[in-house]
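The values are calculated or read from the model by the stated rules, or taken from the named source; none is laboratory data. Everything quoted here is computed from the prediction, not taken from an experiment. In this analysis, Cβ positions are derived from the backbone assuming ideal geometry, glycine residues included, and neighbour counts consider all displayed protein chains. Just the protein is used for accessible areas: all its heavy atoms, side chains included, with ligands, DNA and RNA removed. Shrake-Rupley method; radii C 1.70, N 1.55, O 1.52, S 1.80 Å.
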Amino acid sequence: DWHIWRTTLDKKTAQITKFRGSAISPTPLPNGREMIISSSKDGDPELYTLSMDGQIKQRLTKSRGADIAPSMGQDGRTICFSTERWGNLHVAALNLGNLEVRRLTRVGTLNDTCSWNPRDNLILFSGMDTDREFDVFAMNDQGNDMERLTYDASFNEAPHWSPDGKLIVFSSRRALGGGRGSRSQIYVMKADGTQVGVIAELPGDATQPNWSPRLGYE
């Protein structure tokens, strides 16, 4: 099974979750004491609030199909996540107060890895388009004004906003010189999808990028 682990910058690592079933997609809450995870400990993958020492605090979802990949909203009271409750995988929003779920995407078949802009009402996600490959899309927090940000490349996935909301990091199999490549690498682009550049050419596949908070710089 997959489990949640914590590692420090000086490489001290400890396992957090130890219950049965898998636990994935940890997303820290603003209070710094809890996180939201997706776990299959009760059957289907559902969302739970978890303390930093691995104790389940609250079950947040209960639906048929997987609920995965949560991302914290800018208000600290709402998350977006991916769910199969409507059949195909779609992006939804969850109010952490009353646990009300709102559907955000209504097109596409696999909409996953949403990321909420830390300073605006914009949400990124990776979705399978008509070409049967994944591209990065943006929409507002009501699921409207959808815009496609990547084109003519292979498997653009796991987008995340920078702390200032001006840049997007993502993984892609686009070849470094253009066309399609065989390995996933980490890329960054502006919020409107322009000025795409590779961060590093690494051996093997490089996937699931994310930003650290601003560590004392402006």
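The table below lists the values:
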| item | result |
| --- | --- |
| For W211, solvent-accessible area (1.4 Å; no DNA, RNA or ligand), Å² | 90 Å² |
| Rel. contact order, % - alpha carbon contacts under 8 angstrom, at least six apart, the chain | 9 percent |
| Rounded accessible area of H3 (nearest 10 Å², 1.4 Å probe) | 50 Å² |
| In sequence order, calculated HN-Hα J values of the stretch 162-167 (Karplus, 6.51, -1.76, 1.60; Hz; x Gly/Pro) | 6, x, 8, x, 9, 10 |
| Cα-based Lys pair tally, the stretch 1-141, threshold under 18 Å, eight or more apart or on separate chains | 4 |
| Computed label-point distance, nm, for sites R33 and R59 using a 7 Å Cα→Cβ extension | 2.4 nm |
| Max mean-square fluctuation residue, GNM over the chain, Cα-Cα springs under 10 Å, options I123, I199, I24 | I199 |
| Length added when fully stretched, L110-S212, from 0.36 nm per residue minus Cα-Cα | 34.0 nm |
| 5 angstrom amide H check on I16, placed H, neighbours 5+ away | I4, W5, R6 |
| Partner lysines for K190 [C-alpha distance under 18 Å; skip if fewer than 8 residues away on the same chain] | K166 |
| With all protein chains modelled, accessible area of C80 [1.4 Å, Å²] | 0 Å² |
| Relative contact order (percent, whole number), the stretch 38-157, Cα cutoff 8 Å, 6+ residue spacing | 15 percent |
| Phi to ³J(HN,Hα) by Karplus 6.51 cos²θ - 1.76 cosθ + 1.60 over the stretch 69-79, Hz, x for Gly, Pro | 6, x, 9, 6, x, 5, 7, x, 10, 9, 10 |
| Gap separating the Cα centres of the stretch 115-143 and the stretch 60-88, nearest whole Å | 14 Å |
